[in-house]
Amino acid sequence: MEIKQKNVGKNQTVINNESGVVNVDQSRQYTNLADENTLHIYKEISQADQGKFITGFVIACFLPGLSLIADFMQMHPVIDFPFWVYLVAFGTIFFVVLIGFFDNFKIMSSEPPRDDECRWLYSDRLFIRTENGYTIFTHTNNCIYPDCQGKIVISSPPERYNGEFSCFGKCSLAGGQHSYGIDYNFKAYPIDVDWRPIPRPNK
């Protein structure tokens, strides 16, 4: 299957560059991630299946939620259950979603890509809109750092980065020591990235 795409997304930049260092030299060697031999398709989700998931998810959350709101407002409850039952119901719903339908949930909560454009979904996964629904996929290619036998794996954006690259990659063997900035055309350039998370304020 041929996927025509451009690399865009809401996670192109993160506006906090605390001590982050990214050295970009466009004249350096790069590798192309968008090639037939670099494509791996995880799954295809039809529009009908995604619609069924959204409908089922809304209904599953609506029924216990409606009864809980009625209880809080001291109205006659729709379903007369004790409070702990609501917690179990919501917990079960989200547990099932996370285990079996996480991709559907992430697509539902993400901004849909435009035609011929893909967006980062999570981890190494990208997604693109097709005529019949969505395709979830990734790209990987050989790491081009000297004497490395690893693969470039698309990763979550670093928190400290504030620049122009729209996607990032790490080496499957060396991790963040061999980092890449991936541009709009899926060219992966070796760059230096500060992958440390930003400290969270103590509550």
Entries of Lys43/Lys187; Lys52/Lys187; Lys106/Lys170 with Cα pairs more than 29 Å apart: Lys52/Lys187
Estimated inter-spin distance, Ser172 and Asn202, nm [label 7 Å along Cα→Cβ]: 4.2 nm
Label zone at Ser156 (point 7 Å along Cα-to-Cβ), backbone N below 13 Å, segment 105-136: 121-125
For Ser179, residues with placed amide H under 5 Å, excluding near neighbours: Ile191
Descending principal axes extents, segment 98-203, alpha-carbon based, whole Å: 42, 42, 29
Theoretical gain in end-to-end length, Asp192 to Glu131 [0.36 nm per residue, Cα-Cα removed]: 18.1 nm
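Bear in mind that the values in this text are calculations on the coordinates, not laboratory data. Keep in mind that this is a model prediction, so the values were computed, not measured. Counting neighbours? That spans all protein chains shown, and the Cβs are built from the backbone with ideal geometry, glycine included.
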